[in-house]
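To start, the structure itself, in structure tokens.
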Amino acid sequence: MSGAPAMRERPLRPARADRPFGWRDKVGYLLGDFGNDFVFIFASSFLMVFYTNVAGLDPAAVGLIFLIVRVIDAFVDVAWGRFLDTHRASPRGRFRVWIGRMALPLAVVSALLYVPMIGDWAYGVRLAYAGITYLLWGSCFYMMVNISYGSMASVMTEDPAQRSALSVWRSTGASAAGLFVGVVPPLFIYATVDGVSQVHPMNLFLTATAFAGGALVFLLLCYRMTNERVVVAPSAQRRGLGTVLGALSRDKALLTLVLANLVMMIGQFLSQSMAPYLWLNYFNNGQLSSIAAVLGIAPVLLIAPFATRLGRRFGKKEIAIVAGAVATGMHLLTFLLHVTNPWAFLGLTFLGNLGMSLFMLLVWAFITDVIDAIDVKTGSREDGTVYAIVVWARKLGLAAVGGLSGFALAAIGFHAGQATQSHETVAGIYAIATLGPAILFALFTLVMWLLYPLTRARVEANAAALASRRAAPVVVD
């Protein structure tokens with residue numbers, strides 16, 4: 001039982017008599033991340049190469065754009081999460097309503113990121129257009145949809161096992177989207193000219209537009225198929241944003257999860273952002289990235305049916321430690337072998353992805369565990385704010401990848417807009433794509449092992465404490 005004042009407790013209760021949690025909610029939630037990642041993974045995979053190879057922007061300048069936008073996100077993400085926690089919910093829910101409202105603007109801006117004629121503009125105009133559209137995409141429309149979507153999981157059900165199931169279904173949707181994004185676009189956006197694999201600007205724009213349209217459809221299906229069943233009774237004493245952030249900044253579980261997510265995202269997306277350069281320049285076959293995408297996502301889809309039971313049996317923290325260790329070992333081995341055969345490289349990539357698959361499937365359930373732990377200690381739930389902080393850390397990791405990738409490409413002598421690169425540059429691309437993730441996954445493993453406090457026993461104890469609190473009468477002064 002929390003030692004927080006009774007007047008600040010906000011017990012969870014059923015929102016209304018409604019259909020029980022079931023398959024429709026799981027499939028709808030899966031479709032939400034499927035739609036989100038139709039634009040997010042697409043941007044993670046192809047936006048950097050669009051900026052350098054089509055727009056002709058300097059990699060260091062692109063990295064700076066990514067970093068500036070993520071600094072802005074530090075404010076807007078948390079502000080939006082706090083808005084979701086404190087505004088009056090509509091009859092259609094507190095969180096899901098914003099998925100329906102913002103799906104169309106998100107789709108439009110997602111397509112406008114890749115206009116093919118940008119290469120004909122003056123350099124300053126190209127740079128400004130890239131910065132403005134990326135800001136609108138990442139810090140406005142995608143942010144509003146994604147934080148609303150992620151925060152919704154805690155009010156779809158209050159059962160920890162069902163929340164873990166939602167995390168698995170969400171991650172399965174993300175993996176399916178990643179598979180689709182990885183396989184289909186390379187078949188259309190790459191062309192071989194004089195024996196050199198290159199990006200086709202118009203095909204990239206048309207493909208991006210098609211994926212943006214798909215995202216719109218899937219997000220609207222998510223809105224229609226899901227339901228919010230749990231509401232938080234209004235607090236008798238609402239805390240200000242500064243007070244909330246001050247308390248959260250001292251929470252070890254949240255801080256550790258933020259750090260682990262940041263490191264994991266940098267490692268994961270560093271490999272992903274370098275993949276187009278690796279296949280274009282090191283293996284000289286951009287279309288092989290389709291097969292690489294299949295082997296990158298396949299482990300997640302194979303393990304998904306067992307993830308919830310494994311998490312319940314061994315604990316999410318414990319699984320994360322093993323996952324990080326396996327991923328570290330395989331990426332380090334790939335670097336040391338300096339593989340030149342693309343099929344051998346694909347095999348090692350598959351084994352490396354087995355490592356992080358379990359963590360990726362359960363990562364969103366970590367957030368609800370942290371929210372519950374904070375509720376036990378303080379008597380206050382901050383679903384949207386906590387989710388926004390974790391998402392900001394993940395987006396910061398993505399921006400760091402953009403900055404790190406851009407600066408690293410510049411450091412190894414990569415020339416934007418040039419079809420071929422020097423031998424030293426190509427060797428540097430291979431090192432960044434293999435050794436970089438190995439180091440970061442090793443750090444992730446140490447963080448989860450030594451610092452993250454929510455073991456399986458602690459999570460179960462928190463769930464029991466909250467169940468006891470909800471069963472007790474509410475005291476209001």
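Readers should treat all values here as calculations from the given coordinates under stated rules, not as data from a laboratory. Since the structure is predicted, the reported quantities are computational estimates derived from the model, not experimental observations. Ideal geometry is used to build each Cβ from the backbone, glycine not excepted, and the neighbour counts take in all protein chains shown.
A compact table of results
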| quantity | calculated |
| --- | --- |
| Whole-Hz ³J(HN,Hα) from phi, Karplus 6.51 cos²θ - 1.76 cosθ + 1.60, for the range 39-45, glycine and proline x | 9, 6, 5, 4, 5, 4, 8 |
| Least to most buried among Cys140, Cys222 (fewest other Cβ within 10 Å first) | Cys140, Cys222 |
| Ordering of 346-356, 116-126 by packing [mean C-beta count within 10 Å, highest first] | 346-356, 116-126 |
| Scattering curve values for the range 86-138, log₁₀ I(q)/I(0), Debye with Cα scatterers, q = 0.17, 0.18, 0.24, 0.25 Å⁻¹ | -0.63, -0.67, -0.90, -0.94 |
| Angle in degrees between helix 383-411 and the longest Cα principal axis of the chain, rounded to the nearest 10 | 20 degrees |
| Alpha carbon convex hull of the range 14-110, projected area averaged over orientations, nm² | 8.3 nm² |
| Order by protection proxy (mean Cβ within 10 Å, highest first), peptides 429-438, 83-92 | 429-438, 83-92 |
| Cα point-scatterer Debye curve for the range 306-408, base-10 log of I(q)/I(0) at q = 0.18, 0.20, 0.24 Å⁻¹ | -1.04, -1.13, -1.21 |
| Residue-wise HN-Hα coupling along the range 88-102, computed from phi with Karplus coefficients 6.51, -1.76, 1.60 (Hz; x: Gly, Pro) | 6, 5, 7, x, 8, x, 7, 10, 5, 4, 6, 5, x, 6, 9 |
| Amide hydrogen neighbours beyond the local backbone of Gln198, cut-off 5 Å, H modeled | Ala191, Thr192, Val193 |
| For the chain: lysine pairs under 21 Å (alpha-carbon distance), excluding those fewer than 8 apart on one chain | 7 |
| Distant alpha-carbon pairs in the range 95-199 (separation over 21 angstrom), percent | 57 percent |
| Share of alpha-carbon pairs per 20 Å distance bin for the chain, given as whole % | 25, 57, 17, 1 |
| Under the Karplus curve 6.51 cos²θ - 1.76 cosθ + 1.60, θ = phi - 60°, whole-Hz ³J(HN,Hα) for the range 57-74, x wherever Gly or Pro sits | 7, 5, x, 5, 5, 5, x, 5, 4, 4, 5, 4, 5, 5, 5, 4, 4, 4 |
| Value of D in µm² per second that Stokes-Einstein yields for the range 273-323, Kirkwood Rh from Cα pairs, at 10 °C (1.306 mPa s) | 121 µm²/s |
| Likely footprinting exposure, Leu301, Leu358, fewest C-beta neighbours within 10 Å first | Leu301, Leu358 |
| Highest-first arrangement of 377-386, 266-275, where packing means the average Cβ count within 10 Å | 266-275, 377-386 |
| Sorted by Cβ density within 10 Å, fewest first, the residues Asp58, Asp77, Asp25 | Asp58, Asp25, Asp77 |
| Student exercise, the chain dipole from Lys, Arg, Asp, Glu Cβ charges, in Debye to nearest 20 | 1680 debye |
